[in-house]
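Let me begin by handing over the structure; questions about it come next.
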Amino acid sequence: MAAVGTLSKVSRLTSCINRSRWLIFNRRQIQGMSSCIDPSHGLSMEQKDFQKMAFDFAANEMAPNMAEWDEKEIFPVETMRKAAQLGFGGIYVQPEVGGSGLSRLDTSIIFEALSTGCVSTTAYISIHNMCNWMIDTYGTTEQRERFCPELCTMNKFASYCLTEPGSGSDAASLITTAKLEGDHYVLNGSKAFISGGGDTDVYVVMCRTGGKGAKGISCVVVEKDTPGLSFGKKEKKVGWNSQPTRAVIFEDCLVPVSNRMGQEGQGFNIAMNGLNGGRINIASCSLGAAHACVHLARDHLLVRKQFGETLSNNQFLQFKLAEMATKLVASRLLVREAAMALQEGRSNAVSLCSMAKLFVTDECFNICNQALQMHGGYGYLKDYAVQQFVRDIRVHQILEGTNEVMRMLIARSLLSE
């Protein structure tokens, strides 16, 4: 419950940070240097307070370490636990099990701010929050009381296990089986590309308890030390290097029936409902990267000279910067509309979540990539933050449902009306 108090009272931090050899911005610049892209526009005072708290945490605890976490592939457990002390381990989890009880819009605001400090770490925190919410929403009272409090404090970490080596976009074709034997399920199969795999403690797993298709899928919680659970090698990735990614392997893995969430056959719906929020979360992480990169590009244009004057005097680059700012604000508005639709249970919520994920991850990647281009050769050096933002958000167009699948979902909604 301390986390709830922290978010409601909001301690105001005032320090700014400098990062050696990185073109980076201080807290004032990130939040309000350019009023036309100020992310606090339209927010309530309470939302502005916890947005500021998230920006401050990003600037002080994440940004100074972002490059090192990436280079050395460090999973920053202690930093995330500090974030949990602010209520960021269970942002939209109910207060009675230790969560902050905030809305989907509030969550988006927080993830956008945190991502300006480190996209990769924030993206993992968003996945952890999604798993925590799934247990809080679909778990029994015993499951909620058993798992959620330690997930909210990040004393334990969670991973989402849906994708398999042979079933990515076609998630309903998964083949990991869970056969009932007495009061246990015996799991066999494997999951691929699991964020946190091997380092986390709680695995929310979709497995087949029935026949083919979505209706044969159930959801179980598997704890790390369960016999029969093992992990593949740590994957080498282009970005997202502050979180480990491994295969999760089940070989006659015994899981108590009491660890099943919901009824048999309900797992696919649970997984998809988790992903609706996950798509808003990952789009919000892209927003933070794009917001940071607009500032980085602006700062570079103001100081870099070519042909006897600063690049900021070049009209072509002025127009490019204006387009980047416009796409950033349009993306933010779409994410926030989708977040409110999901919170309110609107009939168009799934479509809006898909639109937000598609549009925002595409456009924000383009913003970051254009910012790198504006830096010229410097943008390709790891001394400059812009290249890491580009690498870290590229995968956002792939995970939580590829952007091609998002197009399918949107088209299906349009054509079924």
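The values are calculated or read from the model by the stated rules, or taken from the named source; none is laboratory data. Predicted model, so just to flag it, every value in this text is computed and none were measured. Virtual Cβ from ideal backbone geometry, glycine too; neighbours counted across all protein chains shown. In case anyone asks, the SASA skips ligands and DNA or RNA and just uses the protein heavy atoms, side chains included. Shrake-Rupley method; radii C 1.70, N 1.55, O 1.52, S 1.80 Å.
Using helices alone, what [θ] at 222 nm do you get for the chain, with -39,500 (n - 2.57) per DSSP H run of 4 or more residues, divided over all residues and rounded to the nearest 500?
Working: 13 runs with 204 residues, N = 417.
Taking each H run of at least 4 residues, the total per residue is -16000 deg cm²/dmol.
Now for a separate question. Return the distance in nm (one decimal) between the two label points of a simple spin-label model at residue 402 and residue 347, each offset 7 Å from Cα along Cα→Cβ.
That separation, rounded to one decimal, is 3.2 nm.
If amide hydrogens are placed 1.01 Å from N in the peptide plane, which non-local residues have theirs closer than 5 Å to the one on residue 164?
Those qualifying (amide H under 5 Å, at least 5 residues apart or on another chain) are 192.
For every other residue with a beta carbon closer than 12 angstrom to the beta carbon of residue 155, add +1 if it is Lys or Arg and -1 if Asp or Glu, then tell me the sum. The partial results should precede the final answer.
Details: positive: 81, 156; negative: 78, 150, 201.
That sum, taken over residues with Cβ under 12 Å, equals -1.
In square nanometres, what is one fourth of the surface area of the convex hull spanned by the alpha carbons of the range 280-417? Walk me through the numbers before you get to the answer.
Values: hull surface 35.4 nm².
For the Cα atoms of the range 280-417, the hull's average projected area reads 8.8 nm².
Work out the P(r) tail for the chain: percent of alpha carbon pairs separated by more than 33 Å, whole number.
Details: 26393 of 86736 pairs.
The calculated P(r) of the chain puts 30 percent of pairs beyond 33 Å.
Share of the chain's accessible area from carbon and sulfur, percent, 1.4 Å? If you can, show how the numbers build up before the last one.
Working: 9030 of 17020 Å².
Taking all protein chains in place, the chain shows 53 percent carbon and sulfur surface.
A further question follows. In 10 Å bins starting at 0, how do the alpha-carbon pair distances of the range 180-228 split up by percent?
Once binned at 10 Å, the Cα pair distances of the range 180-228 give 21, 56, 23, 1.
Can you give the angle from 0 to 90° between the axis of helix 385-394 and the longest principal axis of the chain, with both taken from C-alpha atoms, to the nearest 10?
In the chain, helix 385-394 runs at an angle near 40 degrees to the longest axis.
Once you place label points 7 Å from the Cα toward the Cβ at residue 77 and residue 383, how far apart are they in nm?
So the label points at residue 77 and residue 383 sit 3.5 nm apart.
How big is the shadow of the Cα convex hull of the range 145-234, averaged over all directions, in nm²?
Details: hull surface 26.1 nm².
In nm², the orientation-averaged hull projection of the range 145-234 is 6.5.
Tell me which residues come under 5 Å, amide H to amide H, from residue 231 once H is placed; ignore anything under 5 positions away on its chain.
So residue 231 has HN proximity to 249.
With all protein chains present and a 1.4 Å probe, how do 254, 275 order by accessible area, largest first? Before the final figure, lay out each step's value.
On the way: 254 85, 275 10 Å².
So, going from the largest accessible area down, we get 254, 275.
Taking the full set of protein chains and a 1.4 angstrom probe, give the accessible area of residue 78 in square angstrom, rounded to the nearest 10.
Looks like 120 Å² after rounding.
Further question: Limiting things to C-alpha atoms, what are the Rg and the maximum Cα-Cα separation (Dmax) for the range 129-282, in angstroms?
Considering the range 129-282 through its Cα atoms, Rg and Dmax are 14.2, 44 Å.
With θ taken as phi - 60° and the coefficients 6.51, -1.76 and 1.60, list the Karplus ³J(HN,Hα) couplings across the range 356-369 in order, rounded to whole Hz; mark glycine and proline as x.
Per-residue couplings from phi come out as 4, 5, 5, 5, 6, 5, 5, 5, 5, 4, 4, 4, 5, 5 Hz.
Please tell me which of these pairs span more than 19 angstrom C-alpha to C-alpha: 191/236; 82/357; 156/179; 82/236?
Details: 191/236 17 Å; 82/357 28 Å; 156/179 27 Å; 82/236 27 Å.
Where the Cα-Cα span goes over 19 Å, the pairs concerned are 82/357; 156/179; 82/236.
Let's test this: bin the Cα-Cα distances of the range 54-202 at 10 Å from zero up to the farthest pair and state each bin's percent.
Taking every Cα pair in the range 54-202, the percentages come to 11, 35, 34, 17, 3, 0.
How much accessible area per residue does the chain have, in Å², with a 1.4 Å probe? Intermediate values should be presented prior to the final figure.
On the way: 17020 Å² over 417 residues.
With the other protein chains kept in place, the chain gives 41 Å² per residue.
Now a separate question. Roughly speaking, what is the stretch gain from residue 41 to residue 318, that is 0.36 nm per residue apart minus the C-alpha to C-alpha distance, in nm to one decimal? Write down the numbers at each step before the final one.
On the way: separation 277, 0.36 × 277 = 99.72 nm, distance 2.32 nm.
Stretched fully, the residue 41-residue 318 segment lengthens by 97.4 nm.
Provide the net charge surrounding residue 174, with neighbours chosen by a C-beta distance below 12 Å and charges set as Lys +1, Arg +1, Asp -1, Glu -1. Display every interim value, and only then the final one.
On the way: positive: 191, 208, 212; negative: 164, 170.
For residues surrounding residue 174, the net value is +1.
On to the next question. What list of ³J(HN,Hα) values in whole Hz, one per residue of the range 52-69 in order, does the Karplus curve 6.51 cos²θ - 1.76 cosθ + 1.60 (θ = phi - 60°) give from phi, with Gly and Pro shown as x?
Karplus values, whole Hz, x for Gly and Pro: 4, 4, 5, 4, 5, 4, 4, 6, 8, 9, 10, 4, x, 10, 3, 5, 5, 4.
May I ask you to derive the relative contact order of the range 120-259, considering only C-alpha pairs under 8 Å and at least 6 residues apart, and to give it as an integer percent?
On the way: 276 pairs, mean separation 36.4, N = 140.
Here the relative contact order equals 26 percent.
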